[in-house]
Structures are given as structure tokens and as C-alpha cells.
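Single-structure report; data block below.
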Amino acid sequence: YRYAQYAGIDVTPASGAAKAFASFPDSASVSDYAREAMIWAVGAGVISGSDGKLLPQEDATRAQVAQIIMNFSNRFVP
């Protein structure tokens, strides 16, 4: 999210992003400071969750981080 802002990418959440974010059963566990970024990331398809959850209080695995980077690159890097 912060890198996207730095790179000049519009980080306005897509239509329906908040609803998509709220559909995860653990979305309420996302810290307040990260909520806006997570809504954007879910809406932009950068983060799609794991087993139907966001797991915001867990550590991300190397594979999960690689997937996030790949999703971001496929979506925003020409």
C-alpha cells in the first residue's frame, strides 16, 4: 500500500472493496492502522487470504509474501 502510494498508483479502494474485505470472518482482527491498506489490497486483488481468512495476527510465510508480490506485479507493473 505504501509502496503503491510512493509509486503513484491510485490507492483509492475499488468499488466493493470494503464489502469484500468485510466478508472475511477475521476482518475485525485487522488493526485499525492497517485497515485502509488491507481494504485496498483485498479490493485490488493483491491479497486474497488463506483458507478463506486474512490471518492478520499471524506471520506471513515466504510463499505468501511471494504471492503478494507476484499479485502486485501482475496487477500494477507493466
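The values are calculated or read from the model by the stated rules, or taken from the named source; none is laboratory data. Worth saying up front: this structure is predicted, and the values here are computed from it rather than measured. Because the Cβ atoms are built from the backbone with ideal geometry, glycine has one as well, and the counts that use them run over all protein chains shown. Ligands, DNA and RNA are stripped out before the accessible areas are found, and what is left, the full protein with its side chains, is counted by its heavy atoms. Shrake-Rupley method; radii C 1.70, N 1.55, O 1.52, S 1.80 Å.
Overview of values
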| quantity | calculated |
| --- | --- |
| Relative contact order %, the chain, counting alpha carbon pairs below 8 Å whose residues are six or more apart | 31 percent |
| Choice from 11, 65, 30 with maximal GNM fluctuation in the chain (Cα, 10 Å cutoff) | 65 |
| Debye log10 I(q)/I(0) for the chain, one point scatterer per Cα, at q = 0.27 Å⁻¹ | -1.52 |
| Global form of segment 35-74, assessed from the alpha-carbon gyration tensor, a/c cut-off 1.5 | oblate |
| Solvent-accessible area, 1.4 Å probe, carbon plus sulfur percent, for the chain | 53 percent |
| Given charges at beta-carbon only (K, R positive; D, E negative), |dipole| of the chain in Debye | 180 debye |
| Per residue accessible area in Å² of the chain, where ligands, DNA and RNA are left out and the probe is 1.4 Å | 70 Å² |
| Estimated inter-spin distance, residue 28 and residue 67, nm [label 7 Å along Cα→Cβ] | 2.5 nm |
| Dipole of the chain [Lys/Arg +1, Asp/Glu -1 at C-beta], most positive-end residue of 74, 63, 27 | 74 |
